[in-house]
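A short worksheet on the structure shown next.
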Amino acid sequence: MRIAFYAPMKPPDHPVPSGDRRMAGLLMAALRRAGHQPVLASRLRTWTGDEGMAGAASRAVLRLKSAEQAAALVRRWRDAADRPDLWFTYHLFHKAPDGIGPVVARELAIPYVVAEASVAPKRRTGPWAAGHAAVVAALGQAAAVIALNPADRACVLPCLADGRRLYDLPPFLDARPYVAARRRRAAGRARLATAHALDPATPWLIAVAMMRPGDKLASWRLLAKALLPLATPAAQAPAWHLLAVGDGPAGEAVRRLFRPLARHMVWLGQQPEDALPDLYAASDLCVWPAINEAWGMALLEAQASGVPVLAGDAGGVPAVVHDGATGRLVPVGDAAAFAHALRHLLQDSDERARLAAGARRLTGRRHGLAGAARRLDHILARALVRASARTPRGMGR
């Protein structure tokens, strides 16, 4: 079927990399693999992070632009041969509401489907009240809501007209580049060792994340705090190196945090997506505190590369990192627990190897693109049937 696709948080071709952008692109790829024809309906980004007067003004402008784009799409598609059969919105929340899809779907009498929605009841009032109300209204209209993060279910479910419209879909990726990188591990590790004067016999840690204020900076801060006790001579911990991948507006602040760890650090900066598989595969352990993380695309990518993960037990992270099977989870925000678990994994290469094997096996079986395509196809077929059953005679196509 023809599918109008929209990601109000960040379109899949946005110039700034992030897990959100990656998942938007992967959803479109999965829809194509299932035989559908997704088309990017709008690139309008409705995300605003400012709670002050400037933010309120920006949100008002974005609501107006959303209404204008919705009206234009309805005019364009109402009697067109390429009219969509379904509207698909990825990632709804109060800071990035969808003011386009619900209007177009209603006017064209087509199903409205959402993947990944979060509802924060505390935002019913205050500066985000309008965004919260828009999310709740959109979910009430949805023929299907797809939960990538199990932690979102409890607050999303009461917003739905029918609880049976909520479906689970484990986060997923196209594992092929990561599987190929695993086969090149020895050569890739040798190149990195030469380029950065690293000891190939020493465990290499990797952290991949944007460097921006807020939760990402908090995670980098906790990581530095957890690593510091493992870098002192008195610690009697195994040697290690950290490959730090990423950059952003808080880049300098992040680098200051790690100055006491300078002899352990390799700063690789922001890397293109096609360079990441080899960096993961060359590493021995992915480390990320995951403060307020939804679920963490980098954690999934690392495991697809055959690298176990040590992460904070936050949000939907347990849906990606299977504790004891593909990695280890520790209480989120607990630097001492993170350091303790890391010390154990640095000392126990057999445990790392066991978790790496689990990461390869479970990621391929549970988080692959082919399985996601089949699941999405089933969900959309159900949504189409549900919408057809309630469409009055004479409406729609």
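Can you pull out every residue in the range 66-81 that is modelled with pLDDT of 95 or more and of a type in the set (Asp, Glu)? The one that is modelled with pLDDT of 95 or more and of a type in the set (Asp, Glu): GLU68.
Would you check if there is a residue in the range 76-89 being open to solvent by 50 Å² or more (accessible area, probe 1.4 Å), under 22 Å from ALA142 (Cβ atoms) and under 26 Å from the mean Cα position of the chain (by Cα)? Scanning the range 76-89 turns up no residue that is open to solvent by 50 Å² or more (accessible area, probe 1.4 Å), under 22 Å from ALA142 (Cβ atoms) and under 26 Å from the mean Cα position of the chain (by Cα). Look at the range 152-164: where a residue is among the small types (Gly, Ala, Ser) and a partner is surrounded by 11 or more Cβ atoms within 10 Å (Cβ to Cβ), sitting 6+ places away or on another chain with Cβ atoms under 6 Å, you get ALA161/GLY140; GLY163/LEU157.
Evaluated against (1) of a type in the set (A, V, I, L, M); (2) in contact with a Pro (Cβ under 7 Å, 6 or more places away or on another chain); (3) open to solvent by less than 30 Å² (accessible area, probe 1.4 Å), LEU384 falls short on exactly one condition, (3). If you go through the range 288-314 and keep only what is crowded, with 24+ Cβ neighbours inside 10 Å and within 16 Å of ALA337 (Cα to Cα), you end up with TRP288, PRO289, ALA290, VAL309, LEU310, ALA311, GLY312. Return yes when ASP350 is over 15 Å from ALA304 (Cβ atoms) and surrounded by 14 or more Cβ atoms within 10 Å (Cβ to Cβ) and no when it is not. Considered against the rule, which asks whether it is over 15 Å from ALA304 (Cβ atoms) and surrounded by 14 or more Cβ atoms within 10 Å (Cβ to Cβ), ASP350 comes out as no. Residues that are surrounded by fewer than 17 Cβ atoms within 10 Å (Cβ to Cβ), of a type outside the set (D, E, K, R) and closer than 30 Å to ALA175 by Cα occur at least once in the range 26-38.
Among the residues of the range 97-115, just one is open to solvent by less than 10 Å² (accessible area, probe 1.4 Å), touching an Asp or Glu at 6+ places or on another chain (Cβ under 9 Å) and touching a residue at least 40 places away in the same chain (Cβ under 8 Å), namely PRO111. Within the range 90-117, being within 17 Å of the chain's Cα centre (by Cα) and among the basic types (Lys, Arg) holds for one residue alone: LYS95. In the range 302-328, the residues that are of a type in the set (Lys, Arg) form Cβ pairs under 8 Å with partners that are in a strand (DSSP E or B), at six or more places apart or across chains, as follows: ARG328/VAL309; ARG328/LEU310; ARG328/ALA311.
Here is a check on your reading of the model: is TYR167 at pLDDT 95 or above, crowded, with 19+ Cβ neighbours inside 10 Å and within 19 Å of the chain's Cα centre (by Cα)? The answer is no for TYR167.
Among the residues of the range 188-234, the one identified as more than 23 Å from GLY312 (Cβ to Cβ), open to solvent by 80 Å² or more (accessible area, probe 1.4 Å) and either touching an Asp or Glu at 6+ places or on another chain (Cβ under 9 Å) or in contact (Cβ under 8 Å) with a residue 24 or more places away in the chain (or both) is ARG191.
Summed over the range 199-222, residues that are among the aliphatic types (A, V, I, L, M), closer than 27 Å to ASP50 by Cα and not in a strand (DSSP E or B) total 6.
Residue count for the range 116-125, restricted to those that are without any contact (Cβ under 8 Å) to a residue 60 or more places away in the chain and out of contact with any helix residue (DSSP H, G or I) (no Cβ under 6 Å at 6 or more places or on another chain): 4.
Quick check on GLY394: is it touching a helix residue (DSSP H, G or I) at 6+ places or on another chain (Cβ under 8 Å) and modelled with pLDDT under 95? No, not satisfied. Scanning the range 17-48 for residues that are assigned to a loop (DSSP other than H, G, I, E, B) and either under 22 Å from VAL320 (Cβ atoms) or touching a helix residue (DSSP H, G or I) at 6+ places or on another chain (Cβ under 7 Å) (or both) turns up PRO17, SER18, ALA34, ALA41, SER42, LEU44, THR46, THR48.
The values are calculated or read from the model by the stated rules, or taken from the named source; none is laboratory data. The structure displayed is predicted, hence computed values, not measured ones. With ideal geometry, Cβ positions are generated from the backbone for all residues, glycine too; neighbour counts draw on all protein chains shown. Heads up: the accessible areas ignore ligands, DNA and RNA and are worked out on the full protein's heavy atoms, side chains in. Shrake-Rupley method; radii C 1.70, N 1.55, O 1.52, S 1.80 Å.
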